[in-house]
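The block underneath contains the structure these notes are about, expressed in C-alpha cells.
The values are calculated or read from the model by the stated rules, or taken from the named source; none is laboratory data. Only a predicted model underlies this, so the values are computations on that prediction, with no experimental measurement involved. Methodologically, a virtual Cβ is constructed for each residue, glycine included, from the backbone with ideal geometry; neighbour enumeration extends over all protein chains shown.
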Amino acid sequence: MPDLSPVLGSTEAEAARLDEDLADLVHPAVGVWMLSENLDFPLHDHDPDELLPVAEIRQARQPTASVETNLKNAQANNLTIARAARIIARSRSQTAWWARQSSWRI
C-alpha cells in the first residue's frame, strides 16, 4: 500500500539532509535483501558497486510488469545494486521504488 512519509525541516536543505540521515540508518545488507525480495532474484553474491544485472534478472525469470518498469528505470539511470537497494530500503515499500525518488515539497 502506498504511503507518504514527509520529512520536515526549517529549510528544504535541512529536510533533504534529514531524509538522507534517515536513509543512512538502513544497513546496506538489508537494502540488498529488500531489493532481492522485490525482484525475486538473489543479489547477495553480487558486488554492490556493480550495475544492477538487468539482463541476468530478465533471463532468470519473466518479470512482472512492476518489476519490468523498475528494471527499465535501473537501466536508464545506470543504477548500481547499492543505489537501487538504498532506494527500495528508503521507500519502506516494495511496490514502486523509483516513483518516490522525487521530493515532495510542502
Inter-residue pairs, beta-carbon under 7 Å, first under 14 Å from Leu79 (Cβ atoms) and in segment 40-67, second loosely packed, with under 12 Cβ neighbours inside 10 Å and of a type outside the set (Val, Ile, Thr), 6+ apart: Leu51/Asn78
Single condition Leu35 does not satisfy, out of (1) among the aliphatic types (A, V, I, L, M); (2) farther than 17 Å from Ser91 by Cβ; (3) in a helix (DSSP H, G or I): (2)
Segment 62-106, subset hydroxyl-bearing (Ser, Thr, Tyr) and in contact with a helix residue (DSSP H, G or I) (Cβ under 8 Å, 6 or more places away or on another chain), residue modelled with the lowest pLDDT: Thr95
Whichever residue in segment 50-68 is surrounded by 14 or more Cβ atoms within 10 Å (Cβ to Cβ) and of a type in the set (A, V, I, L, M, F, W, C) and, among such residues, is farthest from the chain's Cα centre (by Cα): Ile57
Lone unmet requirement of (1) part of a helix (DSSP H, G or I); (2) exposed (fewer than 12 other Cβ atoms within 10 Å of the Cβ) for Asp47: (1)
Counted residues, segment 6-31 - those being within 17 Å of Pro48 (Cα to Cα) and not in a helix (DSSP H, G or I): 2
Top-ranked residue in segment 56-93 [being among the charged types (D, E, K, R) and outside any helix (DSSP H, G or I); ranked as farthest from Leu43 (Cα to Cα)]: Arg92
Condition broken by Val30, with the remaining ones in (1) in contact (Cβ under 8 Å) with a residue 24 or more places away in the chain; (2) surrounded by 14 or more Cβ atoms within 10 Å (Cβ to Cβ) satisfied: (2)
